[in-house]
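Read the structure below first, then the notes.
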Amino acid sequence: MLLLPLLALAAAWSRMFPLSSGGKHPVFVCVDGQQIHWYRQVPTKAPERVLYIGVHGVSYDHHSYRTKYSSSKKGTNVCTLTINDINSNDEGTYYCECTRVGGYLVFGSGSKLIVSGKFFHSLISPPANSEILQKKLENQTTYVCLIEKFYPEVIRVTWTDDEKEVTDNVVKGDAWQSAKGDDDYSIASWLTVPAENKDKKYYCKYEHEEQQASLSTQGMFHLLKMDFDLLL
């Protein structure tokens, strides 16, 4: 069973979709660019470019990539990468890089490809618990959005203020697995605001597979000092 992400260059996160591996080919989509480079990265190694597509067509970085990957352009700013004959060796994170007018480069956030033999519906596990912790100091307040026990590990977490995304003083940690060795993951995201904004309402929003949820900083807080300090 294959979980297929869709990559958009300007997006901050990549969703994952099920697709039967038999006779199917995962397709990644990159938007916003006339010249596109595709990269693949596996754990502990640097990203490796697999191909480049420009005005004169596709150029491969290795002759073996000609049978493994194919790429095409749709219109002026949409480019696809197709992986042929999918197998577990194709797992990794795929990135597109776009060369814009002026010569500067923009990278996509990356799409993680997972190939699994597990039944898809039993593989996906939405977050079992989510909560916001709060810690007040003299001149600032820190909120921690804790999201627990989900799979796969790809998740998007954002902070908003009156429907506007907040990016200043936001830290997103890496997803981690429990010490028990379970397949589930957890993640935490921190938002620090000045003391004068302590009564302002902020929201922690997450998207995981087909599930979306929003938590308010003015809701119920779990102020277990020991648990909170472990996250700092």
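Taking the conditions (1) surrounded by 14 or more Cβ atoms within 10 Å (Cβ to Cβ); (2) at pLDDT below 85; (3) not hydroxyl-bearing (Ser, Thr, Tyr) in turn, VAL101 satisfies each one other than (1). Just checking, does the range 130-139 include any residue being assigned to a loop (DSSP other than H, G, I, E, B), touching a helix residue (DSSP H, G or I) at 6+ places or on another chain (Cβ under 6 Å), at pLDDT 90 or above and surrounded by fewer than 13 Cβ atoms within 10 Å (Cβ to Cβ)? Checked against the condition, which is being assigned to a loop (DSSP other than H, G, I, E, B), touching a helix residue (DSSP H, G or I) at 6+ places or on another chain (Cβ under 6 Å), at pLDDT 90 or above and surrounded by fewer than 13 Cβ atoms within 10 Å (Cβ to Cβ), the range 130-139 yields at least one hit. Selection of first residues in the range 202-219 that are in contact (Cβ under 8 Å) with a residue 60 or more places away in the chain and of second residues that are surrounded by fewer than 20 Cβ atoms within 10 Å (Cβ to Cβ) and of a type in the set (Asp, Glu), restricted to Cβ pairs under 8 Å at least 6 apart or on distinct chains, gives the following pairs, ordered by first then second residue: LEU215/GLU131. Among the residues of the range 76-83, at least one is farther than 18 Å from SER109 by Cβ, modelled with pLDDT of 85 or more, in the same structural domain as PHE107 (by TED's automatic domain parsing) and surrounded by 13 or more Cβ atoms within 10 Å (Cβ to Cβ). Taking the conditions (1) farther than 24 Å from LYS112 by Cα; (2) outside any strand (DSSP E or B) in turn, VAL154 satisfies each one other than (1). Scanning the range 199-215 for residues that are loosely packed, with under 15 Cβ neighbours inside 10 Å and not in a strand (DSSP E or B) yields ASP199, LYS200, LYS201, GLU210. Applying the condition of being among the basic types (Lys, Arg) and within 13 Å of ASP161 (Cα to Cα) to the range 187-232 and asking which residue is modelled with the lowest pLDDT yields LYS198.
The values are calculated or read from the model by the stated rules, or taken from the named source; none is laboratory data. Since this is a predicted model, take the numbers as computed values, not measurements. Methodologically, a virtual Cβ is constructed for each residue, glycine included, from the backbone with ideal geometry; neighbour enumeration extends over all protein chains shown.
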